Amino acid sequence: MAVFVLIHGGGSTAWDWHLVQPLLEAAGHEVIAVDLPIEDKNAMLEDYTRAATEAADGARHTIVVGHSLGGFTAPLVCDELKSDGLVYLSAMIPLPGETFGDWWTNTGHDRETIPDEAFFNLVPDDLAEQARDKERDQQGAWMSGPWPGQHPDVPTLAILCRDDLFFPAPFMRRQVQDRLGIEPVEIPGGHYATLSHPGAVAAALNQFAQQIAGTRPA
């Protein structure tokens, strides 16, 4: 089956995937959840990419999944690993040359009304507390520079979480259609569906992996 390389979002850790990972493994996949060097203020996206590719250690038939801010890193990792597929999960989808700061206005997110407690809606209180305890200080000189990548020419899936308050469904639907030219797969859950609805996340990823495997040469 597939080897999933899971990229966390801004200020987060590989722990975000701890409920999804066993479900994917039970379906026969291998899972590599990566901790990126996000607390290093001098780190560039190339450093993030290197951390992920080194963790993958030459794995074949990889599918790279980026959550939230991980959308800036996942395509670069996908390209470097020559992956079979790419997934944006409630993720930022950058355009070549676009900066992190410009993304918010270019996509129209700055015109959205976002509630104060948007991240962990629908996440059980105990898990939300653990997630907050594990938060890291997101740094990175790369955030002020142009995105150095492009979207790889591989099967691509965008997962929209219907209850997401941070990247609301109508906004995400527009972003996916405008920037990828595809229709998103919609699942229940908020921005951290990996914690609130891990079964739905794993099911969408497993189905995508099966679709890719069905087109792979024997």
Matching residues, the stretch 81-123, being of a type in the set (A, V, I, L, M), closer than 21 Å to HIS191 by Cα and within 18 Å of the chain's Cα centre (by Cα): LEU86, VAL87, LEU89, ALA91, MET92, ILE93, ALA118, VAL123
Test for GLY11: is it over 22 Å from ALA202 (Cα atoms), surrounded by fewer than 22 Cβ atoms within 10 Å (Cβ to Cβ) and of a type in the set (Gly, Ala, Ser): yes
Count of residues meeting criterion [under 17 Å from ASN206 (Cα atoms), modelled with pLDDT of 95 or more and in a loop (DSSP other than H, G, I, E, B)] in the stretch 21-60: 3
Residue among LEU122, LEU69, LEU86 that alone is farther than 17 Å from GLY10 by Cα and either buried (at least 20 other Cβ atoms within 10 Å of the Cβ) or modelled with pLDDT under 95 (or both): LEU86
Flag if GLY97 is farther than 24 Å from HIS18 by Cβ and either assigned to a strand (DSSP E or B) or in contact (Cβ under 8 Å) with a residue 40 or more places away in the chain (or both): yes
Which listed residue is on the phi > 0 side of the Ramachandran plot, out of contact with any Cys (no Cβ under 8 Å at 6 or more places or on another chain) and buried (at least 21 other Cβ atoms within 10 Å of the Cβ), from GLY181, GLY140, GLY189: GLY140
Single residue of ILE63, ILE32 found to be touching a Leu at 6+ places or on another chain (Cβ under 8 Å) and either under 10 Å from ILE7 (Cα atoms) or surrounded by fewer than 22 Cβ atoms within 10 Å (Cβ to Cβ) (or both): ILE32
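The values are calculated or read from the model by the stated rules, or taken from the named source; none is laboratory data. Note that this is a predicted model, so its numbers are computed, not measured. In this analysis, Cβ positions are derived from the backbone assuming ideal geometry, glycine residues included, and neighbour counts consider all displayed protein chains.
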